Every structure is written in C-alpha cells, then in structure tokens.
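Before any comments, here is the structure.
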Amino acid sequence: MRKDYRLYELNNDEFEALVVRISVEWFGAGVTPFATGRDGGRDGKFHGTASKFPSAAAPLVGHCVLQAKHVNEPNKSCSERDFERLLKKEHAKVKRLIKLGICDHYIVFTNRKLTAGADQKLIAALVALGLKSGHIIGNERLHLALDEYRDIRRDLPNANDSAPFRFEPDDLVEVIGALHTFVGSGGSSGFNSARDFTAIKIKAEKNKINGIGHEYYEQIIVNDSMPHFSRIEEFLKNPRNEEFAALYHDAADELKQKILVNRDKFGAFDEIFAFLNQEIQKQRAALRGRRRLVNVLLHYMYFNCDIGSKKSVSLKFGVDANA
C-alpha cells in the first residue's frame, strides 16, 4: 500500500516549504522561495533552464512562477468548483506578470487529488492568458516526489508525529475567546429548553454508534456542557458574530474530515474528545481564563452533529462507530 504523507496536516507555510524543496530538485538551486507580492499573493520563482521539469529531455526554459494551494481537508479534488475559483482569482496577476515579461510558465502545486482530465480545462484557461505552458501538480505527483526524495520526506513536519492527526486550533481558540466575551456580557438563558431534553433521548442512538460511554455522556456532556449550549447557539446565530460562525464551521468541517480518516486510531469517541481537548489546550496563553470552554464547544459540535457519525460502521474495537 502506498504511504500517505498526510499533506493535509501541514499548515500553509509548511506546505510552501515542501514545494520549494521539491522545486529545487526539479528546477535547480535558483528557485526563489515564496514571498508576498504587491497583490498580496505568494509566489515562488525560477529563471533559467529547469533541471528536469517536466522532464530532463524537454525542460522548461524561461521565467517560471510557482504557486502553492494548500487545503487542510484530506479528500479535496482539483475538479471541485472552489479550486477552479481559486485559480481564476490568479488570472489577473498572471496577465500582469506576463505583460512585465516575468512569467512564461505557471506551475500550481496543491495537495488536492488531481483526477484524470481534471487539469485540462484549468490549464487551457491559464495558457489562454498568454503563457507558454501551465502545469498543475496534484497530491499524487507530490507523493511520488516524496517517495523519491528520502531527505525531504524525512523532514516533513508530521513525519514523526505520535499524535493520531494534526490540526490547527487557531480558529477554535479565536471562537472561544469571542464566545467567552459574549457569555460574560449576559448572553441568554442556559439549559432551559424542552428541545434540549428531547435531544438527549435522540442522542442515545448516536452515542451507541460512536461508542460514547453512558457515564461520560451523562456526567460530562449533559451535566457540565449542555447548560451552555443555548448560549453557544445564540452566539453563532447572531449576525454580529458572522465572522466567528464562519471560523467555527470551517474548524468543525476540518475536524469532521480528519476524524473520519483517522477514526480507527481511537477507541470510543470519549478518546477523541480527550485528544482534541489536549491539542487545543496547548495554546494555554490564548486560553487563559477560558479553558473550561474548550470541552463545552467540542461537546456542542458533537451534540449539533458537526462531528460524530450518524451511521454505524463496524470498527476494530467492537463498537459500531465512525466519525
């Protein structure tokens, strides 16, 4: 089985650093690392004759602009509309660089899957801008490069991680900070809705599916966290908090994807809560005076079905569960 280097676990800077190292192998030592341009975009550059890209027999010659497009989700594809929109946003910049005479070839590196034929339309749109060539390097090609270059794969930031997976908690920490301020300003009433009590019964089946222990659910989620759920819901639905709601949903979607991919590394879902809490709590300074809200927000995600499975899937530890 081919090794999965889990490039979705890297942050943007780490992915850019990886792209530069691979580019040095393919183009040569003249590769310039990513830097912020006048338009706010970050490009890498190379000028000359490439060592072996796209091949040693027919290397690119001229000005090459390198672009990194990283995504934190493991199953994203280049054929999805959001990726097409990302590239279209680059067209104006590419035209400007072509006019300045410093962009003959445009190479996009992404950790998205590049399905057969998905790149043809996107590359055609790039070439139509006046480029000599356009290239999209997807997740599969990056994995082949890592298979080939031992030193680069050895230095991957997550190469020796003992944790089941990595994720960036910054968005959640920011949401927790805003939520703490909201709750402190009064917010709404807490655990006083009949809907909450009805939902407790509904969640019993979900708990079986995910393998959450009855004691953990009753004592930790219901008794400790649920009284705050109404405040969280009011906070997220308040139009003034639209930016924080977007951060919350982005973070929840990232966690859902990563839990799903790595579900068999955990036993009961209780262990996932413990792992997530531990990772987020590493930002102790930013969470000072707010740490108790970490579990509350994670439990709200579960209770609101933002994470946790609603379908039963057989796992090794013997409980029907999935993330």
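Pairs please, first residue from region 30-51 and in the same structural domain as Val94 (by TED's automatic domain parsing) and among the β-branched types (Val, Ile, Thr), second anywhere and modelled with pLDDT under 95 and in a loop (DSSP other than H, G, I, E, B), Cβ atoms under 9 Å, 6+ apart in sequence or on different chains.
Pairs that qualify, where the first residue is in the same structural domain as Val94 (by TED's automatic domain parsing) and among the β-branched types (Val, Ile, Thr) and the partner is modelled with pLDDT under 95 and in a loop (DSSP other than H, G, I, E, B): there are none.
Against the conditions (1) crowded, with 18+ Cβ neighbours inside 10 Å; (2) in a loop (DSSP other than H, G, I, E, B), where does Gln283 fall short? Just the number, please.
Failing condition for Gln283: (1).
Just to be sure before I move on: is Lys203 at pLDDT below 85 and among the basic types (Lys, Arg) in the structure I sent?
Yes.
Collect the residues in region 152-176 that are outside any loop (DSSP other than H, G, I, E, B) and either among the basic types (Lys, Arg) or in contact with a Phe, Trp or Tyr (Cβ under 9 Å, 6 or more places away or on another chain) (or both), keeping them in residue-number order.
If the condition is that a residue be outside any loop (DSSP other than H, G, I, E, B) and either among the basic types (Lys, Arg) or in contact with a Phe, Trp or Tyr (Cβ under 9 Å, 6 or more places away or on another chain) (or both), then Arg153, Arg154, Asp171, Leu172, Glu174, Val175 are the ones that fit.
Any chance region 127-150 includes a residue that's assigned to a helix (DSSP H, G or I), touching a strand residue (DSSP E or B) at 6+ places or on another chain (Cβ under 7 Å) and farther than 19 Å from Asn11 by Cα?
yes
So which residues in region 5-16 are in contact (Cβ under 8 Å) with a residue 12 or more places away in the chain and out of contact with any Gly (no Cβ under 8 Å at 6 or more places or on another chain)? Before the answer, list the steps.
Of region 5-16, the ones in contact (Cβ under 8 Å) with a residue 12 or more places away in the chain are 5-12, 14-16.
Result: Tyr5, Arg6, Leu7, Tyr8, Glu9, Leu10, Asn11, Asn12, Glu14, Phe15.
Quick one: is Arg21 under 17 Å from Leu129 (Cβ atoms), not in a loop (DSSP other than H, G, I, E, B) and not aliphatic (A, V, I, L, M)?
no
Just give me the residues in region 210-228 being in a helix (DSSP H, G or I) and touching an Asp or Glu at 6+ places or on another chain (Cβ under 7 Å), in sequence order.
Selection gives Tyr216, Met226.
Considering each of Phe235, Phe273, Phe244 in turn, give the residue that is assigned to a helix (DSSP H, G or I), farther than 21 Å from Glu168 by Cβ and modelled with pLDDT of 90 or more.
Phe235
Conditions tested, residue by residue: (1) surrounded by fewer than 18 Cβ atoms within 10 Å (Cβ to Cβ); (2) in contact with a Gly (Cβ under 9 Å, 6 or more places away or on another chain); (3) in the same structural domain as Asp43 (by TED's automatic domain parsing).
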{"position": "Arg85", "(1), (2), (3)": "yes, no, yes"}
{"position": "Gly101", "(1), (2), (3)": "yes, no, yes"}
{"position": "Lys121", "(1), (2), (3)": "yes, no, yes"}
{"position": "Ala124", "(1), (2), (3)": "yes, yes, yes"}
{"position": "Ile137", "(1), (2), (3)": "no, no, yes"}
{"position": "Ala163", "(1), (2), (3)": "yes, no, no"}
{"position": "Val175", "(1), (2), (3)": "no, no, no"}
{"position": "Val183", "(1), (2), (3)": "no, no, no"}
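The values are calculated or read from the model by the stated rules, or taken from the named source; none is laboratory data. If you're wondering where the values come from, they're calculated on a predicted model, not measured in any experiment. So basically every Cβ, Gly included, is an ideal-geometry build from the backbone, and we count neighbours across all protein chains shown.
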